[in-house]
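These notes concern the structure reproduced below.
Values quoted throughout were computed directly from the atomic coordinates according to the rules given, and no laboratory measurement underlies them. None of these values were measured; they are calculated from a predicted model. All Cβ positions, glycine included, derive from the backbone under ideal geometry; neighbour counts span all protein chains shown.
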């Protein structure tokens with residue numbers, strides 16, 4: 001994760017908005033999953049969680065387009081994919 005973030009080559013002014021966007025994504029997705037799991041309709045949970053995830057990823061991608069330069073976006077995509085893998089690993093451990 002650290003190496004993937006370093007490869008983006010963020011400027012000092014980009015670090016705070018970048019961290020904020022990633023933090024918002026992680027916290028928001030966690031809340032989304034909790035809400036889905038607490039809902040009375042427990043049918044098709046994997047699909048509902050995947051839909052929430054896609055929505056959060058789309059939102060963070062849009063934020064990153066405002067924060068990062070076009071040259072940084074490919075490195076961000078690698079970081080994002082690594083982050084999503086880690087999120088999936090954490091979910092597997094919690095089951």
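Yes/no matrix, rows are residues, columns are (1) surrounded by 12 or more Cβ atoms within 10 Å (Cβ to Cβ); (2) closer than 20 Å to residue 88 by Cα:
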| residue | (1), (2) |
| --- | --- |
| 14 | yes, no |
| 22 | yes, yes |
| 26 | yes, yes |
| 34 | no, yes |
| 45 | yes, yes |
| 51 | yes, yes |
| 59 | yes, yes |
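Just one of the numbered conditions (1) under 27 Å from residue 71 (Cβ atoms); (2) in a helix (DSSP H, G or I); (3) more than 11 Å from the chain's Cα centre (by Cα) is not true of residue 9: (2).
Within the range 73-95, residues that are in contact (Cβ under 8 Å) with a residue 40 or more places away in the chain and on the phi < 0 side of the Ramachandran plot have Cβ atoms under 8 Å from residues that are surrounded by fewer than 14 Cβ atoms within 10 Å (Cβ to Cβ) and not in a helix (DSSP H, G or I) in these pairs: 75/9; 79/1; 82/1; 83/1; 86/1, counting only partners at least 6 apart in sequence or on another chain.
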